[in-house]
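Asks: Okay, handing you the structure first.
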Amino acid sequence: MNWNNFAEYYDWEFSQVCTQQQKDISMWKRFAAEFGGPILEICCGSGRITLPLADEGYEITAIDYSENLINILKSKISKSHKITPIMADMRNFEIDKKFPFAFISYASFQQLLTLHDQIECLNTINRHLENGAILAFDITPCLCEGEDSQMETLQYSLNYPPNNTVVNLFSAYKIDRLNCLKHYFDRYEEIDQSGNIKEFKHNISLREITANYMELLLEKCGFELIQMYGGFAGEKLSESSCNAIFLARKVGK
Ligand SMILES: C[S@@+](CC[C@H](N)C(=O)[O-])C[C@H]1O[C@@H](n2cnc3c(N)ncnc32)[C@H](O)[C@@H]1O
């Protein structure tokens with residue numbers, strides 16, 4: 001998966017179409033107030049959550065492996081912010097610091113497609129946490145339900161003001177039930193005023209995770225699951241929840 005080509009469009013697209021996910025910011029603010037800083041943020045992207053937390057005075061170390069997204073985050077940091085952006089892979093980073101609170105937002109943990117990668121990531125995070133520290137993350141449950149959608153369908157056609165263009169997004173997806181993976185194939189067409197078309201692809205794959213799988217995985221990596229929610233406002237987790245939020249505490253040394 002390569003987020004670099006898409007980085008320029010990330011904030012714009014998010015503000016236009018990701019209305020459900022936009023509600024997560026107040027949750028991360030609540031968790032930050034409860035668990036305190038300095039905060040370790042994994043998969044920070046362009047700083048959608050990082051900046052609002054830094055605006056509230058939290059010191060944040062923000063990790064992402066996309067150079068372009070990290071550069072966008074850097075361009076938004078002001079003198080009053082205490083943000084340390086680091087370009088690194090969530091599976092194997094090394095920072096000389098321990099944190100009382102870490103989080104991974106917007107289902108980013110599900111981009112780890114194998115059990116091995118999930119364990120590497122959780123062990124790496126665990127090494128960077130203080131005793132009793134909290135790790136929080138949200139996932140999108142039940143990804144692998146339904147049929148494949150191998151025919152591209154138009155998701156949106158929107159003006160992209162920075163380039164004075166129109167961007168069309170066509171999507172398809174394929175479900176690999178054996179490995180609990182959903183592969184998304186997104187093709188973007190950016191059309192300028194003269195009708196010239198620039199095309200680019202942004203394909204991502206996500207791994208489905210169930211609550212009891214996650215509980216065992218956390219336990220294996222030195223965490224205990226302490227809370228699960230079914231929404232950003234603390235709703236109860238149910239079969240029909242569109243989001244699942246996990247809170248885990250580091251146990252042992
Ligand atoms: C859906 S975006 C979320 C960005 C941000 N957390 C937000 O909520 O807007 C997923 C992010 O995960 C990052 N990412 C994916 N795999 C990664 C990995 N192995 N290590 C570090 N970052 C990764 C991508 O570069 C991208 O910024």
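The values are calculated or read from the model by the stated rules, or taken from the named source; none is laboratory data. None of the values given here were measured: they were computed from a predicted structure. Cβ placement follows ideal geometry from the backbone for every residue including glycine, while neighbour counts extend to all protein chains displayed.
Asks: Which members of segment 177-187 meet the condition of being over 20 Å from the mean Cα position of the chain (by Cα) and surrounded by 15 or more Cβ atoms within 10 Å (Cβ to Cβ)?
Replies: Taking segment 177-187 and keeping what is over 20 Å from the mean Cα position of the chain (by Cα), we get 177-179, 187.
Hit for segment 177-187 is Arg187, nothing else.
Asks: List pairs: first in segment 52-72 and at positive phi, second surrounded by fewer than 22 Cβ atoms within 10 Å (Cβ to Cβ) and modelled with pLDDT of 95 or more, Cβ under 8 Å, 6+ apart or cross-chain?
Replies: Matching pairs, first to second residue: Gly57/Lys82.
Asks: Suppose we filter Ile125, Ile119, Ile134 for residues that are within 16 Å of the ligand (Cβ to nearest atom), in contact with a strand residue (DSSP E or B) (Cβ under 7 Å, 6 or more places away or on another chain) and either at pLDDT below 95 or not aromatic (Phe, Trp, Tyr) (or both); which single one remains?
Replies: Working: Ile119 fails: in contact with a strand residue (DSSP E or B) (Cβ under 7 Å, 6 or more places away or on another chain); Ile134 fails: within 16 Å of the ligand (Cβ to nearest atom).
That would be Ile125, the only listed residue that is within 16 Å of the ligand (Cβ to nearest atom), in contact with a strand residue (DSSP E or B) (Cβ under 7 Å, 6 or more places away or on another chain) and either at pLDDT below 95 or not aromatic (Phe, Trp, Tyr) (or both).
Asks: Does segment 20-36 hold any residues that are acidic (Asp, Glu) and within 14 Å of the ligand (Cβ to nearest atom), and which are they?
Replies: Of the residues in segment 20-36, the ones acidic (Asp, Glu) are 24, 34.
Matches in segment 20-36: Asp24 only.
Asks: May I pose another question? In segment 1-36, which residues are crowded, with 19+ Cβ neighbours inside 10 Å and touching a Phe, Trp or Tyr at 6+ places or on another chain (Cβ under 6 Å)?
Replies: Once the filter is applied, which keeps residues that are crowded, with 19+ Cβ neighbours inside 10 Å and touching a Phe, Trp or Tyr at 6+ places or on another chain (Cβ under 6 Å), segment 1-36 yields Asp24, Met27, Ala32, Phe35.
Asks: Specify the residue that is nearest to the ligand (Cβ to nearest atom); the eligible residues are those in segment 47-70 that are under 18 Å from Tyr9 (Cβ atoms) and polar (S, T, N, Q).
Replies: Among residues in segment 47-70 that are under 18 Å from Tyr9 (Cβ atoms) and polar (S, T, N, Q), the one nearest to the ligand (Cβ to nearest atom) is Ser66.
Asks: Any residue in segment 93-106 that's farther than 14 Å from Phe35 by Cα and among the polar types (S, T, N, Q): show its pairings with residues that are surrounded by 14 or more Cβ atoms within 10 Å (Cβ to Cβ) and at pLDDT 95 or above at Cβ separation under 8 Å, as long as the two are six or more apart or on different chains.
Replies: What qualifies is Ser105/Asp24; Ser105/Trp28; Ser105/Glu41; Ser105/Cys43; Ser105/Arg48; Ser105/Ile49; Ser105/Phe137; Ser105/Asp138.
Asks: If you take the residues in segment 1-19 that are under 22 Å from Thr84 (Cα atoms) and of a type in the set (A, V, I, L, M, F, W, C), which one is farthest from the ligand (Cβ to nearest atom)? Break it down into steps so the answer makes sense when it comes.
Replies: Pass one, segment 1-19, residues under 22 Å from Thr84 (Cα atoms): 3-4, 7-8, 10-11.
Of the ones still in play, those that are also of a type in the set (A, V, I, L, M, F, W, C) are 3, 7.
Working: Trp3: 4, Ala7: 8 Å.
Filtering segment 1-19 for residues that are under 22 Å from Thr84 (Cα atoms) and of a type in the set (A, V, I, L, M, F, W, C), the one farthest from the ligand (Cβ to nearest atom) comes out as Ala7.
Asks: Find the residue count for segment 170-215, including only residues that are among the aromatic types (Phe, Trp, Tyr) and under 20 Å from Thr114 (Cα atoms). Give the derivation first.
Replies: We begin by selecting, within segment 170-215, every residue among the aromatic types (Phe, Trp, Tyr); these are 170, 173, 184-185, 188, 200, 213.
With the extra rule that they be under 20 Å from Thr114 (Cα atoms), the set shrinks to 173, 184-185, 213.
So the answer is 4.
Asks: State whether one or more residues within segment 89-109 are within 11 Å of the ligand (Cβ to nearest atom) and basic (Lys, Arg). Can you show your working first?
Replies: Residues of segment 89-109 that are within 11 Å of the ligand (Cβ to nearest atom), as a first pass: 89-93, 103-109.
After this cut, where a residue has to be basic (Lys, Arg) as well, the list is 91.
Yes: segment 89-109 contains one or more residues that are within 11 Å of the ligand (Cβ to nearest atom) and basic (Lys, Arg).
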